[in-house]
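What follows is a set of notes on a single structure, which appears directly below.
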Amino acid sequence: MGHLNLKYQKVKVRNKYTHNALTRKAFDQFNAGILDLGDIAKEAKTINTLAAVFDLQEFTAFCNQIDPQLVIPEYLSDFLDWLFNATAEAFTREKKADQVVLWGSLPFFGKFLGDGVLFLWDTEKLFGSKGLGNVVVGLREICEDYEDKFFKIASESYSEVPNRLRVGIARGQALAIGDGRDFVGPCINMASRLQKIASLPFALSRRGFDPERCFHQDHQDDMMVTKTKIRGIGEGELIIIYRKDYEELSEDDKALFHPVSKCKKSKS
């Protein structure tokens, strides 16, 4: 996104008050172009997407440590490098001399959100329900790897490191804004809401994900469907979570969810 480095002049008003002032040319630089979205009025292109919003738990507390300017840039550099590498590896099935065979596809869009990252997948390139399931399972592995691997290594270099990487996942249509430099859509909003539910590290909107078709039996056995309130979206939204995560919740947090069932067993 854009950045303005405006040079202000000091002027006296009524020979009493000091104010900032800009040349007319500099003043006119403040407009929607700073967002660097291209032609915002261009007709939006709709893409069927899977949205995943990653969030670093307790990142605000991490930023409030002494002299954060000495820590935050270095940590974020390490984290973002790790996240993209971990994502690439999670979706790699096989590496050949001049080719990499994937479990589905890689995100076509990524955006830094300040305390996390938004990834978008084009669902037309995921080869059906199993391809969707592969993305979900890969995202779960990334969150587990953060806690099992990256957190432990980062804790040797930084204090108060965020100890968990959470993710919310949803399917739907996203609209390309301007020249496709940003995207908006209900699925992105849903994914953002899901990563903030209670203290769950992982939550998936049931809408558009049939467990029997998307996941192998071992993954179905680990999951459960539950109803919960999603702020700004609905009172009884169906979401898929991991039973292990649910069992680790406090009693107050468990009360926010109303289990419907384990994911049904495959008929095959």
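The values are calculated or read from the model by the stated rules, or taken from the named source; none is laboratory data. The structure presented is a predicted model; accordingly, all values stated were derived computationally and were not measured. Using ideal geometry, Cβ is built from the backbone for each residue, glycine included, and neighbour counts are taken over all protein chains shown.
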Looking at E89, E74, E124, which one is under 27 Å from D218 (Cβ atoms), surrounded by fewer than 19 Cβ atoms within 10 Å (Cβ to Cβ) and acidic (D, E)? E89
Please give the number of the condition R166 fails out of (1) of a type in the set (K, R); (2) at pLDDT below 95; (3) buried (at least 20 other Cβ atoms within 10 Å of the Cβ). (2)
Would you be able to tell me the number of residues in the range 48-71 that are of a type outside the set (G, A, S) and at pLDDT below 95? 14
In the range 146-222, which helices (runs of 4 or more DSSP H) lie fully inside it and hold 2 or more residues that are farther than 26 Å from D81 by Cβ? 186-194, 211-214, 217-222
Here are some residues: R193, R206, R213. Which one is buried (at least 16 other Cβ atoms within 10 Å of the Cβ), touching a residue at least 40 places away in the same chain (Cβ under 8 Å) and among the basic types (K, R)? R193
Strands (runs of 3 or more DSSP E) wholly in the range 80-128 with at least 1 residues that are in contact (Cβ under 8 Å) with a residue 60 or more places away in the chain, touching a Leu at 6+ places or on another chain (Cβ under 8 Å) and not small (G, A, S) - which ones? 109-112, 116-122
With respect to D145, is the statement that it is within 24 Å of K196 (Cβ to Cβ), assigned by TED's automatic domain parsing to the domain that holds L194, in contact (Cβ under 8 Å) with a residue 60 or more places away in the chain and among the acidic types (D, E) true? no
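Rundown of residues vs (1) touching a strand residue (DSSP E or B) at 6+ places or on another chain (Cβ under 7 Å); (2) polar (S, T, N, Q); (3) closer than 23 Å to A170 by Cα; (4) not assigned by TED's automatic domain parsing to the domain that holds L126, yes/no style:
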| position | (1), (2), (3), (4) |
| --- | --- |
| V13 | yes, no, no, yes |
| Y17 | no, no, no, yes |
| F30 | no, no, no, yes |
| K42 | no, no, no, no |
| N48 | yes, yes, yes, no |
| C63 | no, no, no, no |
| I66 | no, no, no, no |
| A88 | no, no, yes, no |
